[in-house]
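Asker: The structure that follows is given in the form of structure tokens.
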Amino acid sequence: MSSPKEVKDDRNYTKDHEWAQTEGSELLVGITAFAVDALGDITLVSLDVKVGDTVSAGKTFGTIESVKTLSDLFAPVSGKVTRINAALENNPELINEDPWGKGWMIAIAPDAAPSGLLDAKSYADHLSNSDH
């Protein structure tokens, strides 16, 4: 289990606790260890998009449900969905086990270079300075 304060240097973040990692021409999207810790045991991931759909930065692309709450998932960038992590349909606990890797949710081919995202240091500062 990751520490809730863990922040990876190889990706960017939103203030809503999503991460976006460049992988070739795509951005993989998931949620941070902080978000996983806040949610608790994840029981269901509902992705409202399919491959080929367009997402808009800051708009929801699905929900994540845990024993504690139901939360919206927000796209960190605008673009076209290129892949969906189908493993989450039957194994949503992958997000609890590995939010930085196997727990990725969607891949997006961004319309433009990502902007408005936080780098690792800024996200770590956000975690330290806010009451979430």
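What follows draws every value from the coordinates through simple rules; no lab data is involved. Computed from a predicted model, the values in this text were never measured in an experiment. Heads up, the Cβs are rebuilt from the backbone with ideal geometry, glycines too, and the neighbour counts pull from every protein chain shown.
Asker: With labels modelled as points extended 7 Å from the Cα through the Cβ direction, what inter-label distance (nm, one decimal) is found for Asp10 paired with Leu70?
Answerer: The answer from the label model is 3.5 nm.
Asker: 5 Å is the cut-off here: which amide hydrogens, built 1.01 Å from N in the peptide plane, fall below it relative to Arg83, excluding neighbours closer than 5 in sequence?
Answerer: Ala107
Asker: Now, a different point. Most fluctuating residue of Thr69, Thr22, Thr82 in a GNM of the chain with Cα springs under 10 Å: which is it?
Answerer: Thr69
Asker: Rounded to the nearest 20 Debye, what is the dipole magnitude of the chain about its Cα centre when Lys and Arg each give +1 and Asp and Glu each give -1 at the C-beta?
Answerer: Roughly 220 debye, rounded to the nearest 20.
Asker: For the chain, what does -39500 (n - 2.57) per DSSP helix run (n ≥ 4), summed and divided by total residues, give at 222 nm, in deg cm²/dmol to the nearest 500? Write down the numbers at each step before the final one.
Answerer: Values: 4 runs with 25 residues, N = 132.
Mean residue ellipticity, 222 nm, calculated: -4500 deg cm²/dmol.
Asker: Count of lysine pairs in the chain with Cα atoms under 13 Å apart, counting only pairs 8 or more residues apart in sequence or on different chains? Please report the intermediate quantities before stating the final value.
Answerer: Numbers: Lys5/Lys121; Lys8/Lys121; Lys15/Lys121; Lys50/Lys80.
Lysine pairs satisfying the spacing and distance rule in the chain number 4.
Asker: Further, regarding this structure: How would you rank Glu26, Glu93, Glu18, going from fewest to most other Cβ atoms within 10 Å of each one's own Cβ? Before the final figure, lay out each step's value.
Answerer: Values: Glu26 19, Glu93 14, Glu18 22.
Starting with the residue having the fewest Cβ neighbours, the order is Glu93, Glu26, Glu18.
Asker: Right, here's the next one. Loop only by DSSP, 15 or fewer other Cβ within 10 Å of the Cβ. Give me the trypsin sites (Lys or Arg not before Pro) in the range 1-68 that pass, ordered by residue number.
Answerer: Values: sites: Lys5, Lys8, Arg11, Lys15, Lys50, Lys59, Lys68; in loops: Lys5, Lys8, Arg11, Lys15, Lys50, Lys59, Lys68.
When the trypsin sites (Lys or Arg not before Pro) of the range 1-68 are filtered for loop state and at most 15 Cβ neighbours within 10 Å, Lys5, Lys15, Lys50, Lys59, Lys68 remain.
Asker: Could you identify which residue out of Ile95, Ile108, Ile84 has the top mean-square fluctuation in a GNM of the chain using Cα springs shorter than 10 Å?
Answerer: Ile84
Asker: If you line up the Cα atoms of the chain on their principal axes, what length do they span on each, largest first, in Å?
Answerer: 33, 33, 22
Asker: Can you list the residues, at least 5 places off or on another chain, whose amide H is less than 5 Å from the amide H of Phe61, using H built in the peptide plane?
Answerer: Leu73, Phe74, Ala75
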